[in-house]
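The values are calculated or read from the model by the stated rules, or taken from the named source; none is laboratory data. On a predicted model such as this, the values are computed, not experimentally measured, just so you know. Cβ coordinates were reconstructed from backbone atoms using ideal geometry, including for glycine residues, and neighbour counts include every protein chain displayed. Keep in mind that these areas ignore ligands, DNA and RNA; they rest on the heavy atoms of the full protein, side chains included. Shrake-Rupley method; radii C 1.70, N 1.55, O 1.52, S 1.80 Å.
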Amino acid sequence: MALKQWLQRGGEWVKQVMPGYCAFCLAPALAGRGWCATCLGELPWNLHACRQCGDPIRHGASLCGHCLIDPPLFSTTQAGLLYQGPIKQLVHDFKFHASPRAGTLLAELMLLTPPATLGDAFLPVPMTPLHARTRGFNQSRWLAEQLSRPLGVPVVAAKRIKDSPFQRTLNRRQRIANLVGAFVFESPPPAHLLIIDDVVTTGSTGQALARAALNAGAKSVDIWAAARTPLGKD
């Protein structure tokens, strides 16, 4: 019931809660955490996911149909949660209201389910200056820096050279076309990059960024995101 009440309040609690209390129900939080044990268990965990793209699949399978037929350029995707319910609200508060509390919770939740290999460097998804001014900050860069500190992994940068619409307004085919030639590296990247993002939706951003990284000299690219949107869902 706690998470349902939180959703009905529109996520406002996450902006008001004090340290030491669960961001979802205001009960005492677990030591050093932003949540209580009950709410943590009720979160929409992505328990059975495609190894390559992170889309939920049936138990026992390792790859989804899309990756079997047309595998992406990135090797694996780690997204421990689904973009649903309270996680959807957290991402919204973080991305569109620049809530540091929501961003911190997302980073802490990511650290609960890290990828098997961290790579040589974290790669946030770059924005154009226009998009950065519109949004106010780069949420992918913010997450990468938060994860970099406790894990000791450096953050490297790519550059976005194509000023195109935000991905959230586009369907799967449009998202792919929107990002063709969008990213470049001004210097050779490390061999193994881990793209950091808040949400993976179709994988088109990761595909375009992986293509640019591999063309610039990287050997492998993986993705680590807070959440995954199941294909066919918003």
Considering only segment 114-143, how many residues are open to solvent by less than 40 Å² (accessible area, probe 1.4 Å) and of a type in the set (Ser, Thr, Tyr)?
2
Residues of segment 71-90 satisfying the condition of being buried (at least 22 other Cβ atoms within 10 Å of the Cβ) and assigned to a helix (DSSP H, G or I):
Pro86, Ile87, Leu90
Being open to solvent by 40 Å² or more (accessible area, probe 1.4 Å), of a type in the set (D, E, K, R), farther than 20 Å from Leu194 by Cβ and part of a loop (DSSP other than H, G, I, E, B) narrows Arg101, Arg51, Arg58 down to just Arg58
Residue set Val200, Val153; condition modelled with pLDDT of 95 or more, over 15 Å from Gln78 (Cα atoms) and open to solvent by less than 40 Å² (accessible area, probe 1.4 Å); output residue Val153
List pairs: first in segment 100-119 and of a type in the set (Lys, Arg), second in a helix (DSSP H, G or I) and open to solvent by 20 Å² or more (accessible area, probe 1.4 Å), Cβ under 7 Å, 6+ apart or cross-chain?
Arg101/Lys15
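Conditions (1) surrounded by 19 or more Cβ atoms within 10 Å (Cβ to Cβ); (2) assigned to a helix (DSSP H, G or I); (3) in contact with a Ser or Thr (Cβ under 6 Å, 6 or more places away or on another chain); (4) among the hydroxyl-bearing types (Ser, Thr, Tyr), marked per residue:
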position	(1), (2), (3), (4)
Ile195	yes, no, no, no
Leu209	yes, yes, no, no
Ala213	yes, yes, no, no
Trp224	yes, no, no, no
Leu231	no, no, no, no
Output for segment 58-81, where each listed residue is aliphatic (A, V, I, L, M) and out of contact with any strand residue (DSSP E or B) (no Cβ under 6 Å at 6 or more places or on another chain)
Ala61, Leu63, Leu68, Ile69, Leu73
Determine which member of the set Ala177, Ala227 is at pLDDT 95 or above and aliphatic (A, V, I, L, M).
Ala227
Determine which single condition Arg58 fails, assuming it passes every other condition in (1) more than 17 Å from Leu143 (Cα to Cα); (2) at pLDDT below 95; (3) touching a helix residue (DSSP H, G or I) at 6+ places or on another chain (Cβ under 9 Å).
(3)
Inspect segment 121-144 for any residue being charged (D, E, K, R), in contact (Cβ under 8 Å) with a residue 60 or more places away in the chain and either in contact with a helix residue (DSSP H, G or I) (Cβ under 8 Å, 6 or more places away or on another chain) or within 27 Å of Ala216 (Cβ to Cβ) (or both) and give the result as yes or no.
no
